[in-house]
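**Student:** Handing you a structure now.
The values are calculated or read from the model by the stated rules, or taken from the named source; none is laboratory data. The shown structure was predicted, so the numbers you read here are calculated from the model rather than taken from an experiment. Note that we place each Cβ from the backbone using ideal geometry, even for glycine, and neighbour counts take in every protein chain shown. Only protein heavy atoms, including side chains, enter the accessible area calculation; ligands, DNA and RNA are left aside. Shrake-Rupley method; radii C 1.70, N 1.55, O 1.52, S 1.80 Å.
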Amino acid sequence: MVEVYRGDEAVADLDGGSLAASSMDVFASRWLPEHFAPVRAELMELHREARRRAGEPWAPLDDDLTRVIGQHTVRRVISVLRESHHGGTVVFIPPELTHEFSGENRYVAFKHAFAEGETRRRFRTTIVGVMNRLAQIHGKGDAPSYPRAVGWTEYQQTNDERIAELDEAIFELAHLIAALASVDGAVVMSKRFEVLGFGGEISGALPAAVAVRRALDLEGERKVRESTDGVGTRHRSVYRLCNALPGAVAVVVSQDGNVRFVRRVDGDVTYWDHA
């Protein structure tokens, strides 16, 4: 195996005769946004309900806005964890498991759990607030009266004070998640971005993943098998959890700043080295 670096930037590696970039931007994949698509549909339905109650013309909204905001939030979490040089783990579980993870469960034992309520739903409420306010301030009625649906560009360029407040709330939440992840143990969130608990200890009773697959491309269509003997406790525990929870997606940041996205693909625990 040969790894090539330019300074501290990974360029490529040769592993078992296969040449591949050793890291990639996982946010550019198709599979990652697909995992969160049902949640984005829920947010859009909440927005539609608000439009119906508004009683005034609102501009059409770009369906992709929530995806971009969500991805930027996770990027901020990763960036803060990298800068801390402590590392951390954030696990996203399917929304239908929220109730199970809100109490004692066989997967994770929390040192600190969040009670069900508005505080836990803060991100969801904030995102819907952004969607509603953006459509409201660009209110032009139906789509034919506005050149295009409002979305990320308008969000970045607006001077609206309310949206600035909401953006600051999203920024603060990203830093909060990163701070919680820097505590020993995992932060567990639903894919609705509800923080269920932190300081989570992944159960050692879950079956161990003796081998995993390293993805060589964004969609995980090409993979190589690797033993888990040489990885640390943080990675091994995440592999166990993702093996037991097929719908989970985990982000693991090492102390040296390396980032891995982990999930189960076709029965195999698979990870991506994120750039």
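**Student:** Of all residues in the range 156-200, how many are open to solvent by 70 Å² or more (accessible area, probe 1.4 Å), among the hydrophobic types (A, V, I, L, M, F, W, C) and more than 18 Å from the chain's Cα centre (by Cα)?
**Tutor:** Here the count works out to 0.
**Student:** Okay, moving on. Quick one: which of Leu196, Leu173, Leu180 is in contact with a strand residue (DSSP E or B) (Cβ under 8 Å, 6 or more places away or on another chain), of a type in the set (A, V, I, L, M, F, W, C) and not in a strand (DSSP E or B)?
**Tutor:** Result of the check over Leu196, Leu173, Leu180: Leu180.
**Student:** Please work out which residue is most open to solvent (accessible area, probe 1.4 Å), limiting yourself to the range 255-275 and to residues that are out of contact with any strand residue (DSSP E or B) (no Cβ under 8 Å at 6 or more places or on another chain) and over 20 Å from Tyr107 (Cα atoms).
**Tutor:** Asp266
**Student:** Suppose we filter the range 204-243 for residues that are open to solvent by less than 30 Å² (accessible area, probe 1.4 Å) and closer than 25 Å to Phe114 by Cβ; how many remain?
**Tutor:** 5
**Student:** Tell me, which strands (runs of 3 or more DSSP E) wholly within the range 223-275 include 2 or more residues that are touching a Ser or Thr at 6+ places or on another chain (Cβ under 8 Å) and over 25 Å from His85 (Cβ atoms)?
**Tutor:** 223-227, 259-265
**Student:** Moving on. Out of the range 130-143, which residues are open to solvent by less than 30 Å² (accessible area, probe 1.4 Å) and hydrophobic (A, V, I, L, M, F, W, C)?
**Tutor:** Val130, Met131, Leu134, Ala135
**Student:** Follow-up. Among what's in the range 87-105 and is hydrophobic (A, V, I, L, M, F, W, C) and under 14 Å from Phe261 (Cα atoms), pick the residue that is surrounded by the fewest Cβ atoms within 10 Å (Cβ to Cβ).
**Tutor:** Phe92
**Student:** Another one. Considering each residue of the range 185-230, count those that are farther than 25 Å from Pro38 by Cα and among the β-branched types (Val, Ile, Thr), and give that number.
**Tutor:** Within the range 185-230, residues that are farther than 25 Å from Pro38 by Cα and among the β-branched types (Val, Ile, Thr) number 5.
**Student:** Tally up the residues in the range 106-129 that are open to solvent by 30 Å² or more (accessible area, probe 1.4 Å) and of a type outside the set (Gly, Ala, Ser), please.
**Tutor:** Looking only at that region, the number is 12.
Conditions tested, residue by residue: (1) among the β-branched types (Val, Ile, Thr); (2) free of Cβ contacts under 8 Å to residues at least 60 places away in the same chain.
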| residue | (1), (2) |
| --- | --- |
| Glu45 | no, yes |
| Arg53 | no, yes |
| Thr98 | yes, no |
| Val108 | yes, no |
| Gly117 | no, yes |
| Lys140 | no, no |
